[in-house]
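One structure is given here, and the rest of the page talks about it.
The values are calculated or read from the model by the stated rules, or taken from the named source; none is laboratory data. Because the structure is a prediction, the values reported are computed rather than measured. Here the Cβ positions follow ideal geometry from the backbone for every residue, glycine too, while neighbour counts run over all protein chains shown. In case anyone asks, the SASA skips ligands and DNA or RNA and just uses the protein heavy atoms, side chains included. Shrake-Rupley method; radii C 1.70, N 1.55, O 1.52, S 1.80 Å.
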Amino acid sequence: MASNESNVAVKHLGGKLSKHFIFKLNADGKVEDGNKVYCIHCNKQLAFRGSNTSLTYHLQHKHPLKYQHVVNSDRQKSSPVQPISNFMSQSNKPVSAKVSADLKIAIAQWIASSGRPTAIVDDDGLQTVLRIALQNQTYNLPSRRTIDAVIGQMYNEKLTQHKKAIESIHSIALTTDFWTSNNNESYCGITGHWIDFDWKLTSVALGCLLVDERHTAENVAGFYKEFAATWNISDKICCIITDNARNMVAAIGQTDFSHIPCIAHCLQLSILAGLKAADSSPLVAKCRHLVGHFKHSSANTSELKSSHSSVSSSKDVMFHKLQQDVATRWNSTYIMLARLLEVKDAVMQYHMDHPKNYSGPKLTESDWDKMAKYTSVLGSLADATEYVGGEQYATCSAVLPLLAFLRRLLRINDDDPGYIGRFKTATLNDFSNRIEGIDALTMLQMAVALDPRYKKLTCLRREKREEVWTTLSNAFRAFHDRRQPAGCPTGLEESNDGTKVKVVPVPKKQKLTLLLSDSESQSSADKSDAEHSAQAELMRYQVEDPIPETEDPLLWWKLNSHRFPGLSRFVQTILCVPATSVPCERLFSSSGYIVNKMRSSLLPENVNTLISVCKALDPSQDAKLVSGTVVCLLELVQCL
C-alpha cells in the first residue's frame, strides 16, 4: 500500500506494469473498484478486466519512453542469446552419402509441396540450421540445378504412376477451367477423378498447360480433344465438369463428352442475385464500412479486443478476426455477417467507450436482427456449397437430393419477413433457371439410384422413378456387353480387377463336341444368360434396404462388391464424377502461391511440373470430412 501526491491511498498493479498503474483504496484500505486502474504518469482512468493489453497499448502510445523501459526490463530478465557458434560441433567428418541423399529428396519435397522457390537452397541461414541439426560444419546444401532435377524426376514418377493407374480403369471424370497468372499468361487446369480397385476416390492434377490461343469454343474444344488423345482417355471420359461460361458450355457441346455444370458456381451466383433482389445493399455496405474500420487500423482492432474481453462472461471465449467480404469469394458475405454477430456486444461496447473513433453509419438493432435472419439461411447454403465441393467422397449422387433440400430450405414460411421472402424467391428462381434441365441429366439420375443412401429416389417425382431404373438398366446392359463381347479371338478376357488373363485352351475332344453343336444358338444362349445375370444383379440391388445418410456409399460398395460383381464395376464409372469444378479451383489456388510476383519468369513447363508435384504431395489429400459437410449431411437427412 502507498500514497500518491494527493495523499490518496493507492495500491500498485502487480506484474511488469506495477510502476505505472495503481488502484485507489477506500477508507477501509480496500480497492474501491477492481475494474478501474489509474495511470501514474497522466492520472487517466482505464478499464481493467485482468488483461494488460489495453494498459500496454496506453503506455506504448501515450508514454513511449516508459514503455521502452518495460520492454528493456523484459529483455534483461530473459536468458541471454547465445552465439550460433556455441551450438556448432567441431566434427569435420563428411556427411554420409545416404544422409545427404535423404536430405536432398526431403528438401525437394518441401520446396515442391510448399510452393517455395528453389533459390532458397542458396540461403546461408538454412545451411546454418542444417549444419547445427547435423552437428557437422562440412555439410553443404544441394545446388538449385540439383533440386530442379530431383523435382523433375518426382514429376516423371508421378506422371508414370498416373498413366499406369488410368490404363487400368474404365472411366474417368475431368474438371477444368482457365486461369491467368501474374505475368498475364493463360493456363488451362485439368484434374482427373476416378475410383480405384480399392474403392478409393482418387483426385489428381493431370496438367496446368499454357494456352496461347483465344478461348473461343472451337479452340477450347480442339484443346480438350488433343489433351484426351495425348492421355489416351478419349473413350474413358465419362463427364467433364466446368463453370457456366458460354464458351466452356459451347466447347464441350462440340465434343463427344458429357457435360455437367458446376453446382457450386450456380448456387453462389444465385445467392448474389437473391441478396440484390432483397435490397440488402445498404445493410451490407454498413457492415463493410464497419469491418474496414477495424481491418485498416491495428489500434481499433486492439480496442475492439479489449471491449470483447470486458463484455465476455468467460475469459475462454475466443475473439475471431472480422472478415471483409469479396465479390468473387464464395460465402464471404455470410462469413462477414456471422463474424460481426459473434462480436455484437463488443462492437456496441466499443461505440460506447470510443464514441468519436467511428464516424461511419452505425448498425441499428433492426440491422442486427436482419443480419441474424440472413445468416440463418446463408449458413445452410454455405454448408451445401462446402459439401458438394469435396474431393474425397462421392458428391455427384448428392446433387439431386441437394436440389430437393434447397427447394425446401428456400420455401417461404409464414414467419419470414418480407426481405427474407424476396431473398428466398429470387435465389430459388435464379438457381432454377441456371440449372434448368439438370434433373434430366442421365448421369446424375443414375448416380442417385446407385448411391445406397438415396436409392429410393425420394428426391424425384414418383412418375420419374421407374423411368430412371429403366434408363439405368439399359446403360448397365450396354456396359456389360462392352466388357464381355461375344467371342475372344485374342485369347484374352477381362478379370474382376480389370486386367487381362489368358484363356485356357479347350481340349480336342471338347472342341469336336463344340463343332457338332449349334454354335450360333449356343452363343445366343450364353449372351442371354449373361444379360439375365446382369439384370438379376440390378434387381437384387434395387430391393436392398437403403443405408443411413451418414454412411459412406463407396465403403458399402467395397464390402458388397462380391455380391454385385458386374454392377459394382459399373458404379465405379458413375460415382467418380464430382459435382463441381472446385478441384480445379483448388489447383489454381496452389498456382497462385507458385507463380507469384517473385517468380513471374517461370517457364510454362516448369509451372506445370511444380503444380502437378505440389498437388501430388498435398497433405490435405488425406483429410476427412469437414464439420460443414457433416452439418449438411444432417440437413439432408431431415429433408429426405
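Select from region 235-255 the residues that are within 24 Å of Leu575 (Cβ to Cβ) and without any contact (Cβ under 8 Å) to a residue 12 or more places away in the chain and list them in ascending order. Asp235, the sole residue that qualifies.
What residue, of Val311, Val326, is farther than 29 Å from Phe48 by Cβ, without any contact (Cβ under 8 Å) to a residue 40 or more places away in the chain, in contact with a helix residue (DSSP H, G or I) (Cβ under 6 Å, 6 or more places away or on another chain) and among the hydrophobic types (A, V, I, L, M, F, W, C)? Unique residue meeting the criteria: Val326.
Given the conditions (1) open to solvent by less than 20 Å² (accessible area, probe 1.4 Å); (2) assigned to a helix (DSSP H, G or I); (3) polar (S, T, N, Q), report the number of the one that Asn247 does not fulfil. Exception for Asn247: condition (1).
Tallying residues that are aliphatic (A, V, I, L, M), modelled with pLDDT under 90 and closer than 24 Å to Ser332 by Cα within region 380-397 yields 2.
Taken together, Ala394, Ala338, Ala346 contain a single residue that is within 30 Å of Gly50 (Cα to Cα), under 21 Å from the mean Cα position of the chain (by Cα) and open to solvent by less than 60 Å² (accessible area, probe 1.4 Å), which is Ala338. Comparison of Thr202, Thr230 shows that the only residue that is surrounded by fewer than 21 Cβ atoms within 10 Å (Cβ to Cβ) and in a strand (DSSP E or B) is Thr202.
Among the residues of region 557-574, those that are buried (at least 20 other Cβ atoms within 10 Å of the Cβ) and touching a Pro at 6+ places or on another chain (Cβ under 9 Å) comprise Trp557, Val571. Residue check: Ser281 meets all listed conditions (1) in contact (Cβ under 8 Å) with a residue 12 or more places away in the chain; (2) touching a Leu at 6+ places or on another chain (Cβ under 9 Å) but one, namely (1). Identify all residues within region 368-390 that are open to solvent by less than 20 Å² (accessible area, probe 1.4 Å) and farther than 18 Å from Glu342 by Cα; write none if there are none. Answer for region 368-390, where residues must be open to solvent by less than 20 Å² (accessible area, probe 1.4 Å) and farther than 18 Å from Glu342 by Cα: Leu381, Ala384, Thr385, Tyr387, Val388, Gly389, Gly390.
In the set Ser306, Ser312, only one residue is buried (at least 20 other Cβ atoms within 10 Å of the Cβ), of a type in the set (S, T, N, Q) and more than 27 Å from Leu402 (Cα to Cα); that residue is Ser306.
Residue-by-condition table, conditions (1) in a helix (DSSP H, G or I); (2) under 19 Å from Ala108 (Cβ atoms); (3) touching a strand residue (DSSP E or B) at 6+ places or on another chain (Cβ under 8 Å); (4) open to solvent by 20 Å² or more (accessible area, probe 1.4 Å):
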{"position": "Ile147", "(1), (2), (3), (4)": "yes, yes, no, no"}
{"position": "Ile151", "(1), (2), (3), (4)": "yes, yes, no, no"}
{"position": "Ala165", "(1), (2), (3), (4)": "yes, no, yes, yes"}
{"position": "Thr176", "(1), (2), (3), (4)": "no, no, yes, no"}
{"position": "Trp179", "(1), (2), (3), (4)": "no, no, yes, yes"}
{"position": "Asn183", "(1), (2), (3), (4)": "no, no, no, yes"}
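Quick check: anything in region 252-272 assigned to a helix (DSSP H, G or I), under 30 Å from Lys356 (Cβ atoms) and not small (Gly, Ala, Ser)? No, every residue in region 252-272 fails to be assigned to a helix (DSSP H, G or I), under 30 Å from Lys356 (Cβ atoms) and not small (Gly, Ala, Ser). Could you list all residues from region 228-287 that are within 26 Å of the chain's Cα centre (by Cα) and acidic (Asp, Glu)? Of everything in region 228-287, just one residue is within 26 Å of the chain's Cα centre (by Cα) and acidic (Asp, Glu), namely Asp243. All of (1) within 22 Å of Cys238 (Cβ to Cβ); (2) surrounded by 14 or more Cβ atoms within 10 Å (Cβ to Cβ); (3) free of Cβ contacts under 8 Å to residues at least 12 places away in the same chain hold for Gly189 with one exception: (3). Candidates are the residues of region 90-116 that are at pLDDT 85 or above and closer than 21 Å to Leu603 by Cα; the one that is nearest to the chain's Cα centre (by Cα) is Ala112. Of all residues in region 543-554, those satisfying the criterion of being surrounded by 13 or more Cβ atoms within 10 Å (Cβ to Cβ) and either hydrophobic (A, V, I, L, M, F, W, C) or outside any loop (DSSP other than H, G, I, E, B) (or both) are Ile547, Pro553, Leu554. With respect to (1) touching an Asp or Glu at 6+ places or on another chain (Cβ under 7 Å); (2) modelled with pLDDT of 70 or more, the lone exception for Val631 is condition (2). Being basic (Lys, Arg) and part of a helix (DSSP H, G or I) is a condition met by no residue of region 346-359. None of Leu460, Leu472, Leu450 is crowded, with 19+ Cβ neighbours inside 10 Å and at pLDDT below 90 except Leu460. Return the only residue of Lys305, Lys276 being charged (D, E, K, R), assigned to a helix (DSSP H, G or I) and closer than 22 Å to Lys370 by Cβ. Among Lys305, Lys276, only Lys276 is charged (D, E, K, R), assigned to a helix (DSSP H, G or I) and closer than 22 Å to Lys370 by Cβ. On inspection, Val211 qualifies as β-branched (Val, Ile, Thr), under 24 Å from Cys614 (Cα atoms) and surrounded by 16 or more Cβ atoms within 10 Å (Cβ to Cβ). Within region 552-596, track down each residue that is modelled with pLDDT of 90 or more, over 19 Å from Ala536 (Cβ atoms) and of a type in the set (D, E, K, R). Across region 552-596, the qualifying residues are Asp552, Lys558.
Residue by residue through region 450-474, note down the ones that are hydrophobic (A, V, I, L, M, F, W, C) and without any contact (Cβ under 8 Å) to a residue 40 or more places away in the chain.
Result: Leu457, Val468.
Applying the condition of being aliphatic (A, V, I, L, M), part of a loop (DSSP other than H, G, I, E, B) and under 19 Å from Lys276 (Cα atoms) to region 401-443 and asking which residue is least open to solvent (accessible area, probe 1.4 Å) yields Leu410.
Among the residues of region 287-300, what is the count of those that are open to solvent by less than 40 Å² (accessible area, probe 1.4 Å), part of a helix (DSSP H, G or I) and either under 23 Å from His61 (Cα atoms) or basic (Lys, Arg) (or both)?
Of the residues in region 287-300, 5 are open to solvent by less than 40 Å² (accessible area, probe 1.4 Å), part of a helix (DSSP H, G or I) and either under 23 Å from His61 (Cα atoms) or basic (Lys, Arg) (or both).
If you filter region 36-47 down to residues that are assigned to a loop (DSSP other than H, G, I, E, B) and without any contact (Cβ under 8 Å) to a residue 24 or more places away in the chain, you find that the one that is least open to solvent (accessible area, probe 1.4 Å) is Cys42.
Only one of the numbered conditions (1) touching a Pro at 6+ places or on another chain (Cβ under 8 Å); (2) modelled with pLDDT of 90 or more is violated by Thr138, and that is (2). Would it be correct to say that Asp369 is touching a residue at least 40 places away in the same chain (Cβ under 8 Å) and out of contact with any Leu (no Cβ under 8 Å at 6 or more places or on another chain)? No; evaluated as a whole, the condition is false for this residue. For region 115-140, a residue qualifies if it is of a type in the set (Ser, Thr, Tyr) and either part of a loop (DSSP other than H, G, I, E, B) or within 15 Å of Met154 (Cα to Cα) (or both), and the qualifying residues are Thr118, Thr138, Tyr139.
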